[in-house]
Amino acid sequence: MIVVATCVLVLVLVFVALLLNDGTAPDQQDDLDTRLNKLRSVPYASFTDEVVDPDAGGVRIHRRDKVHPGYNILTVYNSPMVHVIDMDGKVVHTWSYPEEGGIRWSHACMLSNGDLLAIEKFNSLTKVNWDSEILWKRPMQIHHEILVLPDSILLAIVREAHTYRGIEVRFPAIVYLTWAGEEIERWSSYDHLNEIKLAFDQTSFFDTILDGLLARRDSAYVYEGLLRNPELRQLRPGTTFFDYLHMNTITPLPKTRLGEEDSRFAEGNLLICFRNVNQIAILEKMSKEITWVWGEGILEWPH
């Protein structure tokens, strides 16, 4: 990817140089506009005619009659800090991890009593009080989501490692936790893969791509072919693994007229998103059976 990006950048720079140094003096406005329009047509390039004030900051636009008044929770990615800001951008409260050690919170959820649940991606779920004192910390392969159900049960997305068809693969799971962070239930996509395959369109599935590669070449080609599929590949320093399904969102459905008429969309059922297969689905809240699926051929890496 780095090599490709570098090549694209070099080509763009060469193209710009040719536009701006073709032996003629761009002394007329029309000529300059023509050159700029050519530059704007280069893929992945963007522009603005607005000159940005380097000293500008904070809330730039606040149309009070168009927004609901209140506060916003802001997670500062790659840092152990979470802020509450008002509608004018003023920080009114900050939680921070009380110890050093390179902690980076990627998502947070404030509870009604002012406590905070914070995710350190793929490492832990931490609960701190209003004064940033640690109440508990649970090591887990958590990412993307933590939310509280009406019965005070916590829901989190975690990843599991499984050897699947001879290859190390990650599968997402939904974990149910008590208020104290103890696991009480788990829905694993690996354990329910056959059910998922029956319900989902499999065009984007890991197996579909793998089968196509196996039908054509040997195992070395298969592995390299998988590496060329960014939908499947997740790279970390020193490791390579393949990410099957990749869940990134859980949303309990609210009470709606549709839900009262159609049990698939009943209040409390879980709407979940699987990025790598371009589909979203609904799980029945008690049985965890898949009641509805949509998105293949329409969605592309949904979040």
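Mind ranking GLU261, GLU100, GLU267, GLU195 by accessible surface for me, highest first, 1.4 Å probe?
Final ranking, largest accessible area leading: GLU100, GLU261, GLU267, GLU195.
For the pair GLU182 and VAL293, what calculated FRET efficiency results from E = 1/(1 + (r/R0)^6), where r is the Cβ-Cβ distance and R0 = 45 Å, to the nearest 0.05?
Computed FRET efficiency for VAL293 and GLU182: 0.90.
Enter the accessible area of LYS127 (Å², nearest 10), with the probe set to 1.4 Å and all protein chains included.
So the heavy atoms of LYS127 present about 10 Å² to solvent.
Near LYS90, which lysines are there with a Cα under 20 Å away, not counting those fewer than 8 places off in the same chain?
LYS66
Sorting PHE122, PHE171 by accessible area (1.4 Å probe), largest first, what list results?
From most accessible down to least: PHE122, PHE171.
Could you check how much of the accessible area of segment 152-203 is carbon and sulfur, as a whole percent, using a 1.4 Å probe?
The C+S portion of the solvent-accessible surface of segment 152-203 is 47 percent.
Using a simple spin-label model with points 7 Å from Cα along the Cα→Cβ vector, what separation in nm is obtained for VAL92 and GLU300?
4.1
If I ignore ligands, DNA and RNA and count only protein heavy atoms, how much of TRP301 is accessible to a 1.4 Å probe, in Å² to the nearest 10?
Answer for TRP301: close to 90 Å² accessible.
For LYS121, which sequence-distant residues (separation of 5 or more, or a different chain) have an amide H within less than 5 Å of its own amide H, given hydrogens modelled in the peptide plane?
Here SER106 satisfy the definition.
For segment 97-143, how big is the tail of P(r) above 18 Å, as a whole percent of Cα pairs?
19
Please compute one quarter of the surface area of the Cα convex hull for segment 85-181 and express it in square nanometres.
It is 8.1 nm².
Take MET110, MET247, MET87 and sort them by solvent-accessible surface of the protein heavy atoms, 1.4 Å probe, largest at the top.
MET110, MET87, MET247
How much of LYS121 can a 1.4 Å solvent probe reach, expressed as accessible area in Å² and rounded to 10?
Spelled out: LYS121, probe radius 1.4 Å, area about 70 Å².
The values are calculated or read from the model by the stated rules, or taken from the named source; none is laboratory data. Model, not experiment: these values are computed from the prediction. Here the Cβ is made from the backbone with ideal geometry for all residues, glycine too, and neighbour counts use every protein chain on show. Remember, those area values only see protein heavy atoms, side chains included, never the ligands or the DNA or RNA. Shrake-Rupley method; radii C 1.70, N 1.55, O 1.52, S 1.80 Å.
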